[in-house]
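The values are calculated or read from the model by the stated rules, or taken from the named source; none is laboratory data. These figures come from a predicted structure and were not determined experimentally. Cβ: placed from backbone, ideal geometry, glycine included. Neighbour counts: every protein chain shown. Note: areas computed on protein heavy atoms with side chains; ligands, DNA, RNA excluded. Shrake-Rupley method; radii C 1.70, N 1.55, O 1.52, S 1.80 Å.
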Amino acid sequence: TRDEHLQIIDHSHISLKVDVEEPLRVGIDRLLNALAARQHCPDGEPVVIIDVGSAVTVDLLDEQNVFRGGAIFPGPRLMARALHDYTAALPDLAIDEVPGIDPPGRNTNDAMTAGIMAAILGACQLLVDEYALLCSRPPVVLMAGGAVGYLIDYDFAPNIGVGGPFPLTLEGIRIAAEALK
């Protein structure tokens, strides 16, 4: 039957050391991203993985292939939805990716869009800077997720390369599945 060929990929199938307080609570998508990121960058090169979707994750894979953890915060659509749901009069904007806009916004919609863009860009920049301090050389930034949008064109620093967007989660599934054979 079809179920005989079904294999659930879990944390035990990820060939990375995970150095966080509760390794089994790290989202499998984040670990699959890190596993795939190593295919795009040679061993010994630190990698910051930014995945933008419903949530934004910004994770660090260090020079020794150790997943060091990261940050999780709302993605563009979730930010827009929260502004609408938890304020008295802000509209429900259909923002499905990191927007690009020249601030300041000169109307409510543009102001919300500029704020969401600044929040995501600013958070990612701050985290890339902080993670770079933990590495012996500048990390490479790899991006994934369907909502990367304007972020893919953002210049983090002159000495930090940016690549993507890549389907890292899917690549990680393939790598983990091939290891099962």
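Of everything in the range 47-97, what is of a type outside the set (Phe, Trp, Tyr), part of a loop (DSSP other than H, G, I, E, B) and farther than 19 Å from Ile152 by Cα? Give them in sequence order.
Asp62, Glu63, Gln64, Asn65, Thr87, Ala88, Ala89, Leu90, Pro91, Asp92, Leu93, Ala94
For the condition open to solvent by less than 30 Å² (accessible area, probe 1.4 Å) and more than 30 Å from Asp43 (Cβ to Cβ), what is the one hit in Met79, Met112, Met143? Give the derivation first.
Details: Met79 fails: open to solvent by less than 30 Å² (accessible area, probe 1.4 Å); Met143 fails: more than 30 Å from Asp43 (Cβ to Cβ).
It is Met112.
Exactly one condition in (1) assigned to a loop (DSSP other than H, G, I, E, B); (2) in contact (Cβ under 8 Å) with a residue 24 or more places away in the chain; (3) closer than 30 Å to Lys17 by Cβ is false for Cys124; which is it?
If we test Cys124 against (1) assigned to a loop (DSSP other than H, G, I, E, B); (2) in contact (Cβ under 8 Å) with a residue 24 or more places away in the chain; (3) closer than 30 Å to Lys17 by Cβ, just (1) comes out false.
Being closer than 15 Å to Pro76 by Cβ, in contact with a Pro (Cβ under 7 Å, 6 or more places away or on another chain) and assigned to a loop (DSSP other than H, G, I, E, B) is the filter here; which residues of the range 141-165 pass it?
Selection gives Gly145, Ala147, Val148.
Within the range 164-181, restricting attention to residues that are of a type in the set (Gly, Ala, Ser) and surrounded by 15 or more Cβ atoms within 10 Å (Cβ to Cβ), which residue is farthest from the chain's Cα centre (by Cα)?
Per the stated criteria, the residue is Ala176.
Kindly list the number of the only condition in (1) out of contact with any Phe, Trp or Tyr (no Cβ under 7 Å at 6 or more places or on another chain); (2) under 24 Å from Tyr154 (Cα atoms); (3) touching a residue at least 24 places away in the same chain (Cβ under 8 Å); (4) not hydrophobic (A, V, I, L, M, F, W, C) that fails for Gly100.
Going through (1) out of contact with any Phe, Trp or Tyr (no Cβ under 7 Å at 6 or more places or on another chain); (2) under 24 Å from Tyr154 (Cα atoms); (3) touching a residue at least 24 places away in the same chain (Cβ under 8 Å); (4) not hydrophobic (A, V, I, L, M, F, W, C) one by one, Gly100 breaks only (1).
Could you grab me the full set of residues in the range 32-48 that are open to solvent by less than 10 Å² (accessible area, probe 1.4 Å) and of a type in the set (Gly, Ala, Ser)?
Hits for the range 32-48 are Ala34, Ala36, Ala37.
Please state which of the following conditions Pro103 fails to meet, knowing it meets all the rest: (1) touching a helix residue (DSSP H, G or I) at 6+ places or on another chain (Cβ under 8 Å); (2) assigned to a helix (DSSP H, G or I); (3) open to solvent by 70 Å² or more (accessible area, probe 1.4 Å); (4) farther than 14 Å from Gly53 by Cα.
(2)
Would it be correct to say that Phe67 is among the aromatic types (Phe, Trp, Tyr), surrounded by 19 or more Cβ atoms within 10 Å (Cβ to Cβ) and modelled with pLDDT under 95?
Considered against the rule, which asks whether it is among the aromatic types (Phe, Trp, Tyr), surrounded by 19 or more Cβ atoms within 10 Å (Cβ to Cβ) and modelled with pLDDT under 95, Phe67 comes out as no.
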